[in-house]
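The values are calculated or read from the model by the stated rules, or taken from the named source; none is laboratory data. The structure displayed is predicted, hence computed values, not measured ones. All Cβ positions, even for glycine, are placed from backbone atoms using ideal geometry, and neighbour counts span all protein chains on display. Accessible surface is based on the protein model in full, side chains and every heavy atom, while ligands, DNA and RNA are left aside. Shrake-Rupley method; radii C 1.70, N 1.55, O 1.52, S 1.80 Å.
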Amino acid sequence: GPPLSPRLYPGDAYDPASEVVICTSGQESLNAALRACVSEQVSRGGRDGVIVFEPYFPFTQGALDNAPAVMQPVRTHAPGFAIDAAALRAAVTPRTGTVLLNSPHNPTGHVASEAELAAVAEVCVEHDLLAVSDEVYEHAVFGEGCRHRRLCDVPGMRGRTITVSSAGKLFSLTGWRGGGGVGAG
């Protein structure tokens with residue numbers, strides 16, 4: 001089919017028949033994306049571990065339980081809650097199959113920098129990991145010079161990332177449920 005249009009970002013071109021999923025909420029989209037990635041990685045050799053950056057939104061544990069997956073936490077620290085590339089690399093085990101990134105991050109508000117996204121991408125590519133990028137707050141970015149960047153736009157990540165968005169957050173209608181995920185096939 002034709003590419004999805006209108007495009008939210010320059011260069012977007014997702015096939016709605018095979019690369020777009022619409023769900024009843026961002027949480028349902030996140031749950032579905034995690035289940036899909038974990039299922040794929042388990043089929044590749046039992047890789048049911050999911051790296052999650054702490055602190056995390058409480059829904060995350062339930063979504064991992066539903067996948068079913070094993071959380072592999074990577075702690076971030078105040079005041080900036082930046083991703084520590086060395087801690088991320090150290091968290092990878094033979095069981096790891098997926099990285100869950102949340103940027104802008106709930107509950108801290110941290111927005112991943114280009115360097116942090118590059119570190120996540122490097123680890124994913126090196127270890128053949130899939131990524132779920134929870135970007136439901138992509139348009140709620142505050143601070144001088146602060147800009148949201150998508151993980152799927154980092155070289156090597158488009159074909160291994162499912163990006164989760166929320167119409168409720170995008171249009172500030174959080175009581176109206178609607179979400180979705182996109183990922184290149």
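Key figures for this structure:
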item: Cα gyration tensor category, rounded, prolate or oblate, for segment 44-107 with a/c compared to 1.5; result: oblate
item: Space enclosed by the convex hull of the alpha-carbon atoms of segment 1-132, per residue, Å³; result: 127 Å³
item: Order by protection proxy (mean Cβ within 10 Å, highest first), peptides 75-82, 117-124; result: 117-124, 75-82
item: Sequence ranges 21-27, 148-154, ranked by mean other-Cβ count within 10 angstrom, highest first; result: 148-154, 21-27
item: Listed residues Phe57, Phe142 arranged by accessible area, highest first, probe 1.4 Å; result: Phe142, Phe57
item: Note, ³J(HN,Hα) from phi for segment 87-100, Karplus 6.51, -1.76, 1.60, rounded to Hz, x at Gly and Pro; result: 5, 4, 4, 5, 6, 6, 10, x, 7, 5, x, 9, 10, 9
item: Exposure ranking of Cys37, Cys146 by accessible area [1.4 Å probe, largest first]; result: Cys146, Cys37
item: Quotient of C-alpha Rg and 2.2 N^0.38 Å, computed over segment 11-76; result: 1.24
item: Convex hull volume per residue for segment 87-139, taking Cα atoms only, in Å³; result: 85 Å³
